[in-house]
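Written out below as structure tokens is the structure these notes cover.
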């Protein structure tokens, strides 16, 4: 920077090109919005490569700060996003009430304008004991699943056997046995053909 941008002792407190209008007017009550204005001037120069206000003499520079509208960032750097342009314009507004109130508001607005997302909180570091408990829990779950599968495999043959036995019992209850079938046949033959069936001496049917 040239010598004319440095603060001069006994003249104006502050670097002229970065002073807020209320400081130039000599107001006694100054809020954090004055620092917002100064930071906005720095940000404007970083983005565009030139100061917000330029003049050969300090008095002319201060007059521009009071009276001249500040240029927009996109007038000099059209490739920049509009959100960033609007942010800088709010920071270097003439009236303190038109600016962002403090640096916390500037940071929040800057994060929003560039699409910044807060970093996610890292997962807590797992201790050795915690890792061992997790491994043991996984082993228990696997063992439980294997045991359940083994029980199912063992239960299937028994269930099938029980079903087969139940089916056989039901068939026995509803179907005639060998002897009752022969007796029915004997009755049928006697009634239709007049035949008789005699038992053998060995209690077998002949």
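Where a number appears in this text, it was derived from the coordinates with a stated rule and is not lab data. Note that the structure is predicted; figures quoted are calculated from it, not measured. Cβ placement follows ideal geometry from the backbone for every residue including glycine, while neighbour counts extend to all protein chains displayed.
Here are the numbers:
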{"item": "Mean separation of Cα contacts under 8 Å (6+ apart) over length of the range 13-74, as relative contact order %", "result": "37"}
{"item": "Approximate spin-label separation residue 94-residue 45, in nm, with each point projected 7 Å along Cα-to-Cβ", "result": "2.3"}
